[in-house]
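For reference, the structure discussed in these notes is given below.
The values are calculated or read from the model by the stated rules, or taken from the named source; none is laboratory data. All values derive from a computational prediction rather than experimental measurement. No Cβ is skipped: glycine too gets one built from the backbone with ideal geometry, and neighbour counts run over all protein chains shown. Heads up: the accessible areas ignore ligands, DNA and RNA and are worked out on the full protein's heavy atoms, side chains in. Shrake-Rupley method; radii C 1.70, N 1.55, O 1.52, S 1.80 Å.
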Amino acid sequence: MNAEDPGRIVLLTASHRVAPGLLSWPAWQALHAADRVLCADPGHPQLPYLREAGVTVEHAAPTAQELVDACAGGRSVVVLAGGEGDPALTDGLARLAGSGRTRMPDLELLPGSYDLPGARLLDLVQIMDRIRVACPWTSQKTHQGLAKYAVEEAYELVEAIEDGDRDELREELGDVLLQVVFHARIAEEGGPEDGEEPFSIDDVAATLIEKLIHRHPHVFGDETAETPEDVRAHWLRTKAAEKRRDSVTDGVPVGQPGLALAAKLASRVRTAGLDVPLPAGEGIGYELLALAVRAERDGVDPEAALRAAGRAYRDAIRAAEGHG
């Protein structure tokens, strides 16, 4: 070793969202070639796998100056950082480098593993687990008690979409996702309301994956689809085979808003090629039914159209009140 060589510091990071031991080849090379490997956290999830691979890790939390001194003489020191890094150490190294009074070792930030797309969903599941156990309000909630929030969050999402507000869209998508994760966490516990058959968020995802693959044979199978109409035809055929419904009205939730219900029924009738005259009756309900059916036939979402008109009415009211 050259006594004047300042050496090399490798700050090795690894995502806690990736299974421990799955490190990149450059990371393993750096670990095996290092003169010393240091880790401040004795419970770091990578430690058992490093020991298994023959890498000796010292439990140490050196200061920036101590780490620089440890590299003197051309030594290579790898610091295994925690999931959030080591801001105190990196800030200290930056101060030493900026002072101009210390001959700094070569410094390399080496990611040993990377997050895959969707990795933050794992964090969400862990957070939900903790809240379900520790929060007095959350721990008492049932599917029935949460049902109204799913409806509210869905409407808030629709409003964000219609308003074109990207920040609100991101937040409201998160609130809808929370409802899915919350219900799945409750279902994981089983109990009378779950028919004593618990399932987890992984089961929810697996069911959805199976459905998406089965209903997209033009993507995952041998069928072809050149137009959106072809895709819709595939979807309807596979859905009909799966559900084996006795009526085209099966699966249409009657608890949804009235205009949306009318339009959905009209869509089912039109898609099935049925000739079903509108029921005769007096009153605004039958008039609204006819309008909703006409809107669906013309490719207009009656609920969205009425909301747009409602917003215009709201603006007119505010203007009349002098709010601009």
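In whole percent, how big is the carbon plus sulfur part of the accessible area of the chain, probe 1.4 Å, protein atoms only?
56 percent
Under 28 Å Cα to Cα from LYS239, which lysines show up? Leave out anything in the same chain fewer than 8 places away.
Qualifying lysines at Cα under 28 Å: LYS148, LYS211, LYS264.
Mind checking the dipole of the chain: about its Cα centre, +1 per Lys or Arg Cβ, -1 per Asp or Glu Cβ, Debye to the nearest 20?
Dipole size: approximately 160 debye.
Using a probe radius of 1.4 Å on heavy atoms only, what accessible surface per residue do you get for segment 182-324? Whole Å² is fine.
That works out to 70 Å² per residue.
Could I have the simple spin-label model distance between TRP137 and LEU169, label points 7 Å from Cα toward Cβ, reported in nm to one decimal?
If labels sit at TRP137 and LEU169, their model points lie 2.9 nm apart.
Can you tell me the accessible area per residue over segment 81-143, all protein chains present, probe 1.4 angstrom, in square angstrom?
Per residue, segment 81-143 has an accessible area of 70 Å².
If you count only protein heavy atoms and use a 1.4 Å probe, how large is the accessible surface of ARG17, to the nearest 10 Å²?
ARG17 has an accessible surface of roughly 50 Å² with all protein chains in place.
Averaged across orientations, what area in nm² does the convex hull of the alpha carbons in segment 131-255 project?
10.8 nm²
According to the Kirkwood expression over distinct Cα-Cα pairs, how big is the hydrodynamic radius of the chain, in Å?
It works out to 26.1 Å.
How far, in nm, would the chain grow between VAL176 and LEU121 when pulled straight, counting 0.36 nm per residue and subtracting the alpha carbon separation?
The span from VAL176 to LEU121 would gain 18.5 nm if fully extended.
Less than 11 Å Cβ to Cβ from THR249, Lys/Arg counted +1 and Asp/Glu -1: what total charge do the surrounding residues give?
Summing Lys/Arg as +1 and Asp/Glu as -1 gives +1.
Would you give the gap between the C-alpha center of segment 258-321 and the C-alpha center of segment 5-78, rounded to a whole Å?
What the calculation gives is 65 Å, centre to centre.
Under the definition of Cα pairs under 8 Å and six or more residues apart, what whole-number percent is the relative contact order of the chain?
Working: 323 pairs, mean separation 44.5, N = 324.
It comes to 14 percent, rounded to a whole number.
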